[in-house]
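Student: Please read through the structure below; I'll follow up with questions.
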Amino acid sequence: MQSYFKIFLVLIAISVYSTTIAQSNHAIQILEQGRKTSIRGMSVVSNQIIWVSGSGGAVGKSLDGGKSFQWMTVRGYEKRDFRDIEAYNQKTAIIMAIAEPALILKTVDGGENWYKVFEDSTKGMFLDAMNAEAKTIQVIGDPINGKAFFAMSNDLGETWETNKLDGIALNDGEAFFASSGTNLQISQSSHTFKKGTFMVTGGKVSRLLNARDQRDQYPLPLLQGKESTGANSIAVSPSGKQAFIVGGDFAKDTMRTGNAIGVNLEPSIQFIQPKTPPFGYRSSVIYLTNKILVACGTSGVDISIDGGMHWENISSQSFHVVQKAKNGKAIFLAGGGGKIAKLNLNP
Ligand SMILES: *[C@@H]1O[C@H](CO)[C@@H](O)[C@H](O)[C@H]1NC(C)=O
């Protein structure tokens, strides 16, 4: 009797212990869902201030770390798909609507009013992603007359200069995805070679390009050849020495071949195949440290703790975009059906 009781106690202890372990594992905490918007734009200013943008003219903002979101439909743009957003604080943000016409809007009063800072009705014009670095904002779009669309603002989005860089030629069927606003990254390294604006393409051809130096062009060892294939997202490590690129085939989102590649940026570009790739098509990747990365896509969320060589899937929930607080440690995910989640990592 007594020994049974001991075993019972041990079992209780084990189960309490394992529950604690399970709870202390990487946890995805859903903050919002059910709203009729597909979220692809996310900009996390701090642990408290989160902005998101999506289809149906929707923009959401939280000032309390995601506990509550304030939703707005941008007046006059109720049908637009805002695929990317860059936020500076709780008042100032810039949103990008993809096509017909391509538009960039800005608010300086927290989203009460939005004004147009860029518009282009050129046929075939399709904006894909923005990237902000201090007062400089860059935007890329699908090719017009065979050349990548590129525009830049040096005054927080007030005025824009188009194709200042003379347009980089893309191949037939090569374009950018507008899946998470993260296929454009500025590398601030002091090494001249790596200093640049990296862009990754997809479609019939998938390449790594440097908007500031047309000689920097590298075919990517990722899936390509179809409209649904190629690179979707690039992240540059905090050290500036590495980058990581994800993508795959969004039409076969559990396929694990050709969906991720590591990049050594110095002394010259070198690609490194992950030994255990992420668990399917991935549309967004970020570095938390030089070693820890998070990626997400419609078939799940993965983490790597060794610079992207081995990935562990921590969820099979669908998300389009993952972002870390620019000024803080909080990590958020967003996706279809108005879903927003917080990722709590407990190593
Ligand atoms: C990881 O992926 C496998 C295979 O797709 C799946 O069976 C498993 O449930 C996933 N694990 C998590 C934590 O989602």
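We did not get these values from a lab; they are worked out from the coordinates using the rules stated. Bear in mind the structure is a predicted one, so any value in this text is a computation, not a measurement. Here the Cβ positions follow ideal geometry from the backbone for every residue, glycine too, while neighbour counts run over all protein chains shown.
Student: Tilt of helix 2-24 relative to the longest C-alpha principal axis of the chain, in degrees (0 to 90, nearest 10)?
Tutor: 10 degrees
Student: If you don't mind, another one. As an exercise, find the ratio Rg/Rh for the range 53-96 from alpha-carbon atoms, using the Kirkwood inverse-distance average for Rh.
Tutor: Ratio of gyration radius to Kirkwood radius: 0.96.
Student: So, with +1 on the Cβ of K and R and -1 on the Cβ of D and E, and no other charges, what is the size of the charge dipole of the range 96-252 about its Cα centre, to the nearest 20 debye?
Tutor: Its charge dipole is roughly 600 debye.
Student: Kirkwood hydrodynamic radius (Cα pairs, Å) of the range 293-347?
Tutor: 11.6 Å
Student: Between their Cα atoms, which of K61/K241; K241/K339; K79/K106; K67/K252; K291/K342; K79/K123 are more than 27 Å away from each other?
Tutor: K61/K241; K241/K339; K67/K252
Student: Continuing with this model, one more query. So what is Rg over Rh here for the chain, counting just Cα atoms and using Kirkwood for Rh?
Tutor: Values: Rg = 20.8 Å, Rh = 20.5 Å.
Radius of gyration relative to Kirkwood radius: 1.02.
Student: Summing -39500 (n - 2.57) over the DSSP H runs of n ≥ 4 in the chain and dividing by its residue number, what mean residue ellipticity at 222 nm do you reach, to the nearest 500 deg cm²/dmol? Show your work: numbers first, answer last.
Tutor: Details: 1 runs with 23 residues, N = 347.
Taking each H run of at least 4 residues, the total per residue is -2500 deg cm²/dmol.
Student: Now, a different point. Would you calculate the separation in nanometres between label points at N346 and D213, each defined as 7 Å from the Cα along the Cα-to-beta-carbon direction?
Tutor: Rounded to a tenth, the inter-label distance reads 4.5 nm.
Student: Let me see the P(r) profile for the range 223-337: every Cα-Cα distance counted, bins of 10 Å, each bin given as a percent of all pairs.
Tutor: Using 10 Å bins, I get a P(r) of 16, 50, 29, 4, 0 for the range 223-337.
Student: State which stretch of the chain is the longest one without any exposed GluC sites (Glu not before Pro), exposure meaning a DSSP loop state and at most 10 other Cβ atoms within 10 Å.
Tutor: Longest stretch, sites excluded: 113-347.
Student: Ok, one more. Placing +1 at every Lys and Arg Cβ and -1 at every Asp and Glu Cβ, with all other atoms neutral, what dipole size does the chain have around its Cα centre, in debye to the nearest 20?
Tutor: Values: 35 positive and 29 negative charges, 148 e Å.
For the chain, the charge dipole is close to 720 debye.
Student: What aspartates and glutamates could a cross-link reach from K36, if we take a straight Cα to Cα line under 20 Å and drop same-chain neighbours fewer than 8 places away?
Tutor: Result set, ordered by chain and number: E78, D81, D84.
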